[in-house]
Amino acid sequence: MKKSEVSLIVKLFVQASALFAFLMSLRLHSWFNAVSALWAFLITFLPSIFERWNHIKLPNVFTITIILFVYASLILGEFGSFYVKFTWWDNMLHSFSGFALAMAVFSTMLWLYQNPNQLGQLSPGMLILFSFCFAVACGAVWEIIEFTMDRVFGTDMQRWQEGYMAGLVDTMTDIIMDTAGAILSSIIGYIYLKRTNLIKKMKKIKIRNIENKHA
């Protein structure tokens, strides 16, 4: 089975699950779960929209990572109550998302600049730093979403109902887990660049491009 077919199957499965969760939430008058399910359904279209707007094709691993994270956090986490059933679910998701997002961006940038002439435009350090910052930034945005949902719908995604310190500890723990996952991804990314000699190749191509400009 091709990777594109796997990506499509995963996408359709998550969309069907989100729609089912949305309809069941409406039937049970669970408005927060309904919003979460609808939000999950809409997010699955973002990679395709991004591809059309920018006229590029994202790697399947990037698309699958985003869709599976949405499924695990919004469908299983909220609708399936996995956050309550498994105390480690939230920390696992944040560490995984930090790692997966950084790795997905890292592989996407390498894929976009796979042409030898374009590869010289990449800096190994900036590539790793950008991947790391993107993952941590996504974690921060997610905390904003949780805060907004708590204030608007009266939920307890950040555990603020348990006390000020509980909410603070929950938020900071999530960000720390995001950062830890992103750091691990950065280390693996550097090892990959080192072992595949891509660092030397980038430098050689960059020097050659500079020499050709001045020739």
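Looking at this structure, is residue 148 under 21 Å from residue 37 (Cα atoms) and assigned to a helix (DSSP H, G or I)?
yes
Here is a yes/no grid of residues against (1) under 26 Å from residue 16 (Cα atoms); (2) at pLDDT 85 or above; (3) not polar (S, T, N, Q):
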{"residue": "80", "(1), (2), (3)": "yes, no, yes"}
{"residue": "83", "(1), (2), (3)": "yes, no, yes"}
{"residue": "88", "(1), (2), (3)": "no, yes, yes"}
{"residue": "95", "(1), (2), (3)": "no, yes, no"}
{"residue": "121", "(1), (2), (3)": "no, no, no"}
{"residue": "124", "(1), (2), (3)": "no, yes, yes"}
{"residue": "156", "(1), (2), (3)": "no, no, yes"}
{"residue": "163", "(1), (2), (3)": "no, no, yes"}
{"residue": "172", "(1), (2), (3)": "no, yes, yes"}
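Which one of the conditions (1) modelled with pLDDT under 85; (2) outside the structural domain of residue 22 (by TED's automatic domain parsing); (3) among the charged types (D, E, K, R) does residue 57 fail to meet, given that it meets all the rest?
In the conditions (1) modelled with pLDDT under 85; (2) outside the structural domain of residue 22 (by TED's automatic domain parsing); (3) among the charged types (D, E, K, R), residue 57 misses (2) alone.
Please find, within region 174-215, the residue that is surrounded by the fewest Cβ atoms within 10 Å (Cβ to Cβ) out of those that are of a type in the set (D, E, K, R) and at pLDDT 85 or above.
Ranking the qualifying residues of region 174-215, first place goes to 195.
The values are calculated or read from the model by the stated rules, or taken from the named source; none is laboratory data. Nothing here was measured: the structure is a model prediction, and the numbers come from that model. Note: ideal-geometry Cβ built from the backbone for every residue, glycine included; neighbour counts use all protein chains shown.
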